[in-house]
Amino acid sequence: MDSATRELEYCTYCPKMCRHVCPVSNAIGSETLIPQAKMHLMNMLRRNALPWERDFVAPLYGCTACRLCTEVCVHGNAPAQTLELGRSWADSRRLGHPALARLPERFRARGERLLAKLHQEFSAYLFAEEAQVGYFPGCDAIADGIDDIRAAFAVFDSLGLNFVRLMTAPHACAGYPLWVAGQHDAARFVAEDMVRALERYATVIVGCPACTHLLRERLPALGYSIRAEILHVSEFLYVHAERLDIQRTRPAAFYHDPCYLGRYLELYDPPRRLLARCVDSLREFFYAREEAECCGGGGLVPHAFPAAARGQADRRLEEAELYGVPLVVSACPTCKRTLRRGSRAGDGSIEVVDLLGLLAWALHDPDRPALPVHP
Amino acid sequence: MTESLSLDGIAARLADIVGASHLSSAPADVDAYGGLSPFAVVWPGSPSEVAAVLKACTDLGVAVGIAGGGAGVAHHWPLTAERPRVVLDTLRMSNILDVDETSLTVLAQTGIQVRHLEEALRRQGLTLGPYPAELQLATLGGLLAAPPAIAHSPQTGLFHDGCLGLSVAHADGSSVQTRVAPRRATGPDLARVYLGSRGGLGVITTATMRVYRVPELVQPIAFAFTGLEAAHAGARELCASGVLPARLRVLGEEQALSELGDAGAPVRAACLAVLSGPGALVHVQHRLLDAILGRAGGMELPQPVAYRWWERSRSPGVQPDATPPAGARVRHSRLGEALASVRELTRRRPLNLWLDELDLHGANLWLGSRRAGEGKRSLAALLLDAGLEPFRPAFSPLMEELRQKLDPRGTLVVMES
Amino acid sequence: MPQTQRYRPSPALGSELLAILPAERISQGSADRLIYSRDMWPKTLLSVRDNKPSVCPPDVVVWPESAEEIAAIVKLCRRDHVPLVPWGGGSGVCGGAMATSGGIVLDLKRMNRLLLASSDDGLATFQAGVIGQTLEDQLNRRGLTLGHFPASIYCSTLGGWLAARSAGQLSSKYGKIEDMVLALEAVLGDGRIVRCSSAEQPDLVPLIVGSEGTLAIITEATLRVHRLAAHRVFRAYEVPRVSAGCEGFRRALQRGLRPAVMRLYDETDSLLARASGQGRAAGGQRRLLAALGEELEARHGERIGDLKRLLLGAALSRAGMLSRLAERMLPRLSGGCLAIVGFEGEPSLCQAEVELFHAELLGVGARDLGEGPGLSWYQHRYAVSYKQSPLYAAGGFADTMEVAATWERLLPLYKSVREAISSLAMVLAHFSHAYPEGCSIYFTFAAAAEGRAKSDLLYDEIWRRGLQAVIKEGGTISHHHGVGASKAAYMAEEHGPALAVYRQLKAVMDPDGILNPGKMGL
Ligand SMILES: Cc1cc2nc3c(=O)[nH]c(=O)nc-3n(C[C@H](O)[C@H](O)[C@H](O)COP(=O)(O)OP(=O)(O)OC[C@H]3O[C@@H](n4cnc5c(N)ncnc54)[C@H](O)[C@@H]3O)c2cc1C
Ligand SMILES: Cc1cc2nc3c(=O)[nH]c(=O)nc-3n(C[C@H](O)[C@H](O)[C@H](O)COP(=O)(O)OP(=O)(O)OC[C@H]3O[C@@H](n4cnc5c(N)ncnc54)[C@H](O)[C@@H]3O)c2cc1C
Ligand code: SF4
Ligand code: SF4
């Protein structure tokens, strides 16, 4: 038995021992979207005990790849990874989720649009074809967090790290969505481009935790040779945390661990060290660190099961509301965007910000002129 | 099919079942059952006789009131439609059928008086549990069919929760017996249908009760407080701490005076506890209790005060007050408020106030009066005025529907409060 | 599988439901119907293994969000006699949540909110669809605990616990779920919404509790909650025999001690329990397997290579023989029976209770093993639930039979059940829910047969013989898993004439018989 088959067989016979953590099924209460059921369906498809039909395939897309189930599985099964394989099987049978139709084309088009936006927003001198330290913010940051990218430079400058340059990348995104969608051929093209581009940097700091994981762990594991040191931006900055010239703080904030930063990369403390500088009281969710609930934004779930993504964002912010802390901070552009789609953020009762934005805010003395902003 | 027979004919039919000497229409016997005004009383001697009597009565269109010891208010039977009425008295069904000393259970017929059952158990080093002495005159069947609020101990819970199984005869003469097991997951707990059914669903003929070994050590303890609120706070903390006294009472000033007598010093409020169990455990519990009640502002009263209270409260034949007290269940979080409003309403009447049946969630707040003529109903009205809901057993609509299924001809009479 | 007469869905059903629920909370999709076609009744896994995953598919699945919506659905079902099956986590192991006659499965998991938690009054109110661990976490956040820890806490719901009278691992201290519930809200089979509380007499709560969806759909429950324990201590012992262990437990409980955890493993289970705490097959298990291997080699001249596979796969087909061998060899192998106790609460009380307990166990000849095995058990307390996968994947099957009796009947019951099934399966047992008046026995049996048909037959035969033995010895056929479909045929023997009272309750609460038809032997 190969390892995917073994996982599928074990999950099929498992009494659903990880269902309580799955953000997707928790958000909408569907038994069909618990890890065990998704794996079971995939296994039955694999065994040809079920016909390859859209209805049976669709649940395989209900996974944010948060890896919470793996944390509690005694067998160490990883539905996130196995279901991705299932989606690739579905894709090869042209049974991909309708919400992801023509994903490679859409990916390319969006990427071009975002790259153009990035170049438009930042002056050319901030880009470098080749540099010691390149900065790759990731697509969602460009789309929804351009101010956070600016904030990052404000922070770099304040620390004298003015050698950091935006990476001149061939894509706005390293291809994470293509991988999780099971569109592995398209994903490989992007990966090859990225690998080539990375050769021109000694260190690349990445804004998006999913792409940090992709470039640092997944592609090398698939045999791509990446020599550049890949760091998440919080990892790059936290060694300087004590040097930050903090001017003002917020009273309290909850820190939301992004799945990829936490369970995948095990970077729990760097963002906390930074955040602790700009809030008086750093609050921890009941489910934090290894157990942190997913915001609902991974795995393209917001496309395939939008209600689940929204429901999960709501659930995550509930605790902040319960304890009357109106600020939630994450270190991931996708988390910020997903959490903001929840009703508690939507109605303004909870503010969701990116760590970088908050850091830049804290560095700014309101009595003095604003920090120089790029461009 | 209803046959019609004369009263004499009915009596003869019933006498055939129970034997002529176990049926009486003599006024002296019949009058004892007050409001129901039965024309006869029957004393069946076994569950099968009970079933046969019920069947005959149903067939003959006779209404049946069930009587245990009559300690409850056996006189509040509603007047049924014009038809003959008999009382089925469980007096003769007083055998102890089995004492299982391994499992600590007793199987007994339900007409047995609690004190007789307790005496028999004590001879084997066993007891029904640390329940108040006021229950002694009731029958086992009465306690199960109409559980009084006072049948409770923080340590062992409600008396009727100790019922592990029972057998019942229905109006149509059918009988059922529930299986005895420590716990089951085989559907609804059917024995519970009959607990609290006040004779309206069938006659409980035998019951298997949990029993306990007589405790190795019993330690009464009395604490004085400067106010009821503080005493309540201490008692509540005790309930949450896992110290489970066999008895636990919180008394207002008047009640403290009447229960404790001269305590050496004026007592504004008191908390009385009885710890029981293995010596080593009781000692530790005592230390904890001291700490908890001390923290709540209590001062321990001399041991003789506590022992005197304990002895007095245990002796059977404690006279029920001239006026039975009225009580209401109140949650801990609402008790402060409830005490305040009751006190406000009783400022000019020296009423006795105490809390009993404490558990994790709340307590019963009791109002009593030592003045004759202070009707129970007026006490209950006072509780109502204070925004509290006095105990008033009533069949829920669903239970009423079940009653109609089990007894479609309405043979059995449900007692009212 | 018990397929009762199947309801034929009216084509209008879907559109009529749309008048009650939005479209996204109604499904007739094939994946949903397949997933909701079975619960965790192990026998259904034999069907799955045989590539027949759709066991008893419902026609429609709905996700209501309020008692009012449920009442409206019930009324619709009443009109057309549509079977309606409440569904919690689908973790029941008796087929209780299976739509054996088709119809509508009503999933309560969208009703999962905490409505009230009061530390002062020691109670909390939840909607019934909340998943166990989520419920406990919500309480823990507030410094409280329910004290209910079934091995299925990750996969079951409050409503399912109440419906099937669930028991948790700390039941000796906190009780079973029926001991924790103070009040309920439920929708009856006639569409009425009722609220009942244990303050009423007669008390309806214990009648709805345990009814496994046949009388009412539980929508909300108020539960007794406790402060989180400040302190926990474990002790483990080796007792010479099952009977000595039971005796020690009984004496301790009857003296008034209330350990949170009490577990006594019989000789076979003890070996596995000792081994499992350490993750990989260790000490005891290896010894058992090695010994079994030796014996087999000696008898058949076979060479046993992978001992683990031996247990899980091929050897299971000779489980009966293995089990008999094991029993014969146990005296040589085992250090008797393992007993684990744990106390929690106020430290000084724990300490006093531990000492008293200790004395009781030494009195029956126990040897102190310190706290290690207890801590290890606690750490891996849910691990056992994951274990069925490898066994099924290897071609075997396993199930559990949790029965109970008063102390006096307990050991004869234990012996009879073992005797009845050990020629068919490998049997382990532990005693883990003990009360002053009796105890439950949790039998685990594992076996294998070639192919689906033979496996089905063997599976049924084990259950038949086992439950017959239980009834003969005066025990109850279920202590906490419930009856559902799998034990329905034994209800008449379990209850005798009293079953008629249950039927009357059914006639009152579900006059048209739409709620979970075909279950519980009604
Ligand atoms: C209307 C009413 C008012 C009460 N008021 C008080 C009070 O003010 N204070 C207090 O402390 N307690 C009160 N009680 C409770 C009383 O103390 C208990 O009911 C006690 O158990 C009476 O026992 P007994 O043997 O004297 O039964 P009885 O008083 O003779 O009967 C009590 C009830 O139980 C039924 N019953 C008796 N035996 C059986 C049986 N074997 N099977 C089926 N039904 C049976 C009777 O029909 C009757 O409805 C009251 C009870 C009732 C019913
Ligand atoms: C690995 C494993 C370990 C287990 N360990 C334990 C254990 O330690 N202790 C224990 O007690 N059980 C255990 N069980 C059994 C199971 O978890 C329990 O029976 C649990 O109570 C079922 O809950 P559920 O929410 O999954 O209910 P379901 O399986 O969905 O339903 C069970 C029954 O209840 C009915 N029902 C569900 N919800 C409602 C509702 N809201 N209203 C009315 N009826 C409803 C269903 O119709 C069905 O008849 C275990 C099961 C597994 C698979
Ligand atoms: S991942 Fe593990 S716990 Fe989850 S269903 Fe699969 S085997 Fe069970
Ligand atoms: S990885 Fe996360 S979203 Fe995916 S199945 Fe597991 S728990 Fe659910």
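Given the conditions (1) over 27 Å from C:Pro436 (Cβ atoms); (2) assigned to a helix (DSSP H, G or I); (3) among the hydroxyl-bearing types (Ser, Thr, Tyr), and given that C:Thr125 satisfies all but one, which numbered condition is not satisfied?
With respect to (1) over 27 Å from C:Pro436 (Cβ atoms); (2) assigned to a helix (DSSP H, G or I); (3) among the hydroxyl-bearing types (Ser, Thr, Tyr), C:Thr125 is out only on (2).
I'm trying to understand the selection: among the residues of the stretch A:1-30, which are more than 22 Å from the chain's Cα centre (by Cα), within 22 Å of A:Pro302 (Cβ to Cβ) and surrounded by fewer than 24 Cβ atoms within 10 Å (Cβ to Cβ)?
Listed by number, the list holds a single entry, A:Gly29.
Among the residues that make up the stretch C:198-208, is at least one of them in a strand (DSSP E or B) and either crowded, with 20+ Cβ neighbours inside 10 Å or among the polar types (S, T, N, Q) (or both)?
Checked against the condition, which is being in a strand (DSSP E or B) and either crowded, with 20+ Cβ neighbours inside 10 Å or among the polar types (S, T, N, Q) (or both), the stretch C:198-208 yields no hits at all.
In the stretch C:159-197, what count of residues is obtained for those that are out of contact with any Pro (no Cβ under 8 Å at 6 or more places or on another chain) and closer than 22 Å to C:Asp510 by Cα? Spell out how you get there, then give the answer.
Quick first cut of the stretch C:159-197, residues out of contact with any Pro (no Cβ under 8 Å at 6 or more places or on another chain) only: C:160, C:162, C:164-165, C:170-171, C:174-177, C:179-188, C:191-197.
Pick out the ones that are also closer than 22 Å to C:Asp510 by Cα and you get C:160, C:162, C:164-165, C:183-188, C:191-197.
Residues flagged as out of contact with any Pro (no Cβ under 8 Å at 6 or more places or on another chain) and closer than 22 Å to C:Asp510 by Cα within the stretch C:159-197 amount to 17.
Can you go through A:Arg54, A:Arg87, A:Arg102 and tell me which one is out of contact with any Cys (no Cβ under 8 Å at 6 or more places or on another chain), without any contact (Cβ under 8 Å) to a residue 12 or more places away in the chain and either basic (Lys, Arg) or more than 16 Å from ligand 2 (Cβ to nearest atom) (or both)?
Details: A:Arg54 fails: without any contact (Cβ under 8 Å) to a residue 12 or more places away in the chain; A:Arg87 fails: without any contact (Cβ under 8 Å) to a residue 12 or more places away in the chain.
Step by step, each of A:Arg54, A:Arg87, A:Arg102 is checked, and only A:Arg102 is out of contact with any Cys (no Cβ under 8 Å at 6 or more places or on another chain), without any contact (Cβ under 8 Å) to a residue 12 or more places away in the chain and either basic (Lys, Arg) or more than 16 Å from ligand 2 (Cβ to nearest atom) (or both).
Out of all the residues in the stretch A:4-12, is one or more at pLDDT below 95, more than 12 Å from chain C (Cβ to nearest Cβ), within 26 Å of C:Ala394 (Cβ to Cβ) and out of contact with any Lys or Arg (no Cβ under 8 Å at 6 or more places or on another chain)?
No; the residues of the stretch A:4-12 include none that is at pLDDT below 95, more than 12 Å from chain C (Cβ to nearest Cβ), within 26 Å of C:Ala394 (Cβ to Cβ) and out of contact with any Lys or Arg (no Cβ under 8 Å at 6 or more places or on another chain).
Run C:Val384 past the list (1) in a helix (DSSP H, G or I); (2) crowded, with 17+ Cβ neighbours inside 10 Å; (3) under 18 Å from the mean Cα position of the chain (by Cα) and report the number of the one that doesn't hold.
Failed condition: (2).
If I ask for residues that are more than 21 Å from C:Ile441 (Cα to Cα) and either outside the structural domain of C:Asp269 (by TED's automatic domain parsing) or free of Cβ contacts under 8 Å to residues at least 60 places away in the same chain (or both), which ones from the stretch C:387-409 would you list? Give the steps one after another, and end with the answer.
Let us first name the residues in the stretch C:387-409 that are more than 21 Å from C:Ile441 (Cα to Cα), namely C:389-396.
Passing the criteria: C:Ser389, C:Ala393.
Which residue, of B:Asp161, B:Asp172, is part of a loop (DSSP other than H, G, I, E, B) and either within 16 Å of ligand 3 (Cβ to nearest atom) or among the acidic types (Asp, Glu) (or both)? Please lay out each step first, then the result.
Working: B:Asp161 fails: part of a loop (DSSP other than H, G, I, E, B).
Result: B:Asp172 is the single residue among B:Asp161, B:Asp172 that is part of a loop (DSSP other than H, G, I, E, B) and either within 16 Å of ligand 3 (Cβ to nearest atom) or among the acidic types (Asp, Glu) (or both).
Is at least one residue of the stretch C:162-169 in contact with a Phe, Trp or Tyr (Cβ under 7 Å, 6 or more places away or on another chain) and either closer than 20 Å to C:Asp39 by Cα or part of a helix (DSSP H, G or I) (or both)?
In the first step, residues of the stretch C:162-169 are kept if they are in contact with a Phe, Trp or Tyr (Cβ under 7 Å, 6 or more places away or on another chain); the result is C:168-169.
Filter once more, so that each one left must be either closer than 20 Å to C:Asp39 by Cα or part of a helix (DSSP H, G or I) (or both): C:168.
Yes, some residue in the stretch C:162-169 is in contact with a Phe, Trp or Tyr (Cβ under 7 Å, 6 or more places away or on another chain) and either closer than 20 Å to C:Asp39 by Cα or part of a helix (DSSP H, G or I) (or both).
Can C:Ala71 be described as within 25 Å of the chain's Cα centre (by Cα), hydrophobic (A, V, I, L, M, F, W, C), more than 12 Å from ligand 2 (Cβ to nearest atom) and away from chain A (no Cβ under 14 Å)? First the steps, then the outcome.
On the way: within 25 Å of the chain's Cα centre (by Cα): no; hydrophobic (A, V, I, L, M, F, W, C): yes; more than 12 Å from ligand 2 (Cβ to nearest atom): yes; away from chain A (no Cβ under 14 Å): yes.
No: the conditions fail for C:Ala71.
Considering only residues that are of a type in the set (A, V, I, L, M) and in contact with an Asp or Glu (Cβ under 8 Å, 6 or more places away or on another chain), look in the stretch C:365-416 and name the one that is farthest from the other protein chains (Cβ to nearest Cβ).
Within the stretch C:365-416, the first condition is being of a type in the set (A, V, I, L, M), and the residues that meet it are C:366, C:369, C:375, C:383-384, C:391, C:393-394, C:398, C:401, C:403-405, C:410-411, C:413.
When the remaining residues are screened for being in contact with an Asp or Glu (Cβ under 8 Å, 6 or more places away or on another chain), the result is C:366, C:369, C:393, C:405, C:413.
Numbers: C:Ala366: 18, C:Leu369: 23, C:Ala393: 4, C:Ala405: 6, C:Leu413: 10 Å.
So the residue we want is C:Leu369.
Hey, among B:Ala233, B:Ala263, B:Ala224, which residue is more than 10 Å from chain C (Cβ to nearest Cβ), out of contact with any Asp or Glu (no Cβ under 7 Å at 6 or more places or on another chain) and assigned to a helix (DSSP H, G or I)?
Details: B:Ala263 fails: assigned to a helix (DSSP H, G or I); B:Ala224 fails: assigned to a helix (DSSP H, G or I).
Step by step, each of B:Ala233, B:Ala263, B:Ala224 is checked, and only B:Ala233 is more than 10 Å from chain C (Cβ to nearest Cβ), out of contact with any Asp or Glu (no Cβ under 7 Å at 6 or more places or on another chain) and assigned to a helix (DSSP H, G or I).
Of all residues in the stretch A:117-146 being under 22 Å from the mean Cα position of the chain (by Cα) and surrounded by fewer than 16 Cβ atoms within 10 Å (Cβ to Cβ), which is modelled with the highest pLDDT? Even if it seems obvious, please write down each step before you answer.
Going through the stretch A:117-146, the residues under 22 Å from the mean Cα position of the chain (by Cα) turn out to be A:117-118, A:133-146.
Still in the list and also surrounded by fewer than 16 Cβ atoms within 10 Å (Cβ to Cβ): A:117, A:144.
Numbers: A:Lys117: 97, A:Asp144: 93.
Taking the candidates together, the pick is A:Lys117.
Among the candidates B:Arg122, B:Arg83, B:Arg115, which residue alone is basic (Lys, Arg), assigned to a loop (DSSP other than H, G, I, E, B) and either more than 16 Å from ligand 4 (Cβ to nearest atom) or surrounded by fewer than 19 Cβ atoms within 10 Å (Cβ to Cβ) (or both)? Step through it out loud before you land on a result.
Values: B:Arg122 fails: assigned to a loop (DSSP other than H, G, I, E, B); B:Arg115 fails: assigned to a loop (DSSP other than H, G, I, E, B).
Only one candidate qualifies: B:Arg83.
Listed residues C:Leu146, C:Leu114, C:Leu123; which is away from ligand 1 (no atom under 16 Å from the Cβ), more than 27 Å from C:Ile514 (Cβ to Cβ) and either within 20 Å of the chain's Cα centre (by Cα) or not aliphatic (A, V, I, L, M) (or both)? Before the answer, list the steps.
Numbers: C:Leu114 fails: either within 20 Å of the chain's Cα centre (by Cα) or not aliphatic (A, V, I, L, M) (or both); C:Leu123 fails: either within 20 Å of the chain's Cα centre (by Cα) or not aliphatic (A, V, I, L, M) (or both).
Checking each option against the conditions leaves just C:Leu146.
Considering the stretch A:49-67 alone, what residues qualify as being in a helix (DSSP H, G or I) and either at pLDDT below 95 or away from ligand 3 (no atom under 15 Å from the Cβ) (or both)? Write out each step before concluding.
Keep residues of the stretch A:49-67 that are in a helix (DSSP H, G or I), which gives A:54-61.
Listed by number, the residues that qualify are A:Arg54, A:Asp55, A:Phe56, A:Val57, A:Ala58, A:Tyr61.
Take the stretch C:129-152 and flag every residue that is in a strand (DSSP E or B) and within 8 Å of chain A (Cβ to nearest Cβ).
Within the stretch C:129-152, just C:Ile131 meets the criteria.
Answer yes if at least one residue in the stretch A:62-75 is within 13 Å of chain C (Cβ to nearest Cβ), more than 16 Å from ligand 2 (Cβ to nearest atom), out of contact with any strand residue (DSSP E or B) (no Cβ under 6 Å at 6 or more places or on another chain) and closer than 20 Å to C:Asp32 by Cα, and no otherwise.
yes
Tally time: how many residues in the stretch B:276-310 are of a type in the set (Ser, Thr, Tyr) and either in contact with a Lys or Arg (Cβ under 8 Å, 6 or more places away or on another chain) or not in a helix (DSSP H, G or I) (or both)? Break it down into steps so the answer makes sense when it comes.
Step one: filter the stretch B:276-310 for residues of a type in the set (Ser, Thr, Tyr), giving B:276, B:307.
Filter once more, so that each one left must be either in contact with a Lys or Arg (Cβ under 8 Å, 6 or more places away or on another chain) or not in a helix (DSSP H, G or I) (or both): B:276.
Number of matching residues: 1.
Considering (1) over 23 Å from A:Glu112 (Cα atoms); (2) part of a loop (DSSP other than H, G, I, E, B), say which one A:Glu217 fails and leave the rest.
(2) is the only condition that A:Glu217 fails.
Looking at B:Gly200, B:Gly157, B:Gly162 in this structure, which one is more than 16 Å from ligand 4 (Cβ to nearest atom) and modelled with pLDDT under 95?
Among B:Gly200, B:Gly157, B:Gly162, only B:Gly200 is more than 16 Å from ligand 4 (Cβ to nearest atom) and modelled with pLDDT under 95.
Collect the residues in the stretch C:15-27 that are within 10 Å of chain A (Cβ to nearest Cβ) and either within 18 Å of A:Val57 (Cβ to Cβ) or exposed (fewer than 14 other Cβ atoms within 10 Å of the Cβ) (or both), keeping them in residue-number order. Don't jump to the end; show me each part of the working.
Looking only at the stretch C:15-27, we keep the residues that are within 10 Å of chain A (Cβ to nearest Cβ), and these are C:24-25, C:27.
Scanning the stretch C:15-27 gives C:Glu24, C:Ser27.
Does the stretch C:283-304 contain at least one residue that is over 29 Å from C:Asp179 (Cα atoms), away from ligand 1 (no atom under 16 Å from the Cβ) and modelled with pLDDT of 90 or more?
Taking the stretch C:283-304 and keeping what is over 29 Å from C:Asp179 (Cα atoms), we get C:283-304.
Of the ones still in play, those that are also away from ligand 1 (no atom under 16 Å from the Cβ) are C:283-304.
Narrowing the set further to residues that are modelled with pLDDT of 90 or more leaves none.
No, that holds for no residue.
Within the stretch A:68-101, track down each residue that is touching a Leu at 6+ places or on another chain (Cβ under 7 Å), away from ligand 3 (no atom under 16 Å from the Cβ) and more than 18 Å from A:Pro51 (Cα to Cα).
Of the residues in the stretch A:68-101, the ones touching a Leu at 6+ places or on another chain (Cβ under 7 Å) are A:82-83, A:86-87, A:90, A:100.
Then keep just the ones that are away from ligand 3 (no atom under 16 Å from the Cβ); that gives A:87, A:90, A:100.
If the condition is that a residue be touching a Leu at 6+ places or on another chain (Cβ under 7 Å), away from ligand 3 (no atom under 16 Å from the Cβ) and more than 18 Å from A:Pro51 (Cα to Cα), then A:Leu100 is the only one that fits.
If C:Ser455 satisfies all but one of (1) closer than 20 Å to C:Thr44 by Cβ; (2) within 13 Å of chain B (Cβ to nearest Cβ), what's the number of the condition it fails?
Here C:Ser455 clears every test but (2).
Among the listed residues C:Cys94, C:Cys155, identify the single one that is within 16 Å of ligand 4 (Cβ to nearest atom), in a loop (DSSP other than H, G, I, E, B) and either in contact (Cβ under 8 Å) with a residue 24 or more places away in the chain or not β-branched (Val, Ile, Thr) (or both).
Details: C:Cys94 fails: within 16 Å of ligand 4 (Cβ to nearest atom).
After applying the criteria, what remains is C:Cys155.
The values are calculated or read from the model by the stated rules, or taken from the named source; none is laboratory data. In this text the structure is predicted, and so the values were computed from the model without any measurement. Neighbour counts run over all protein chains shown; Cβ positions are idealised from the backbone, glycine included.
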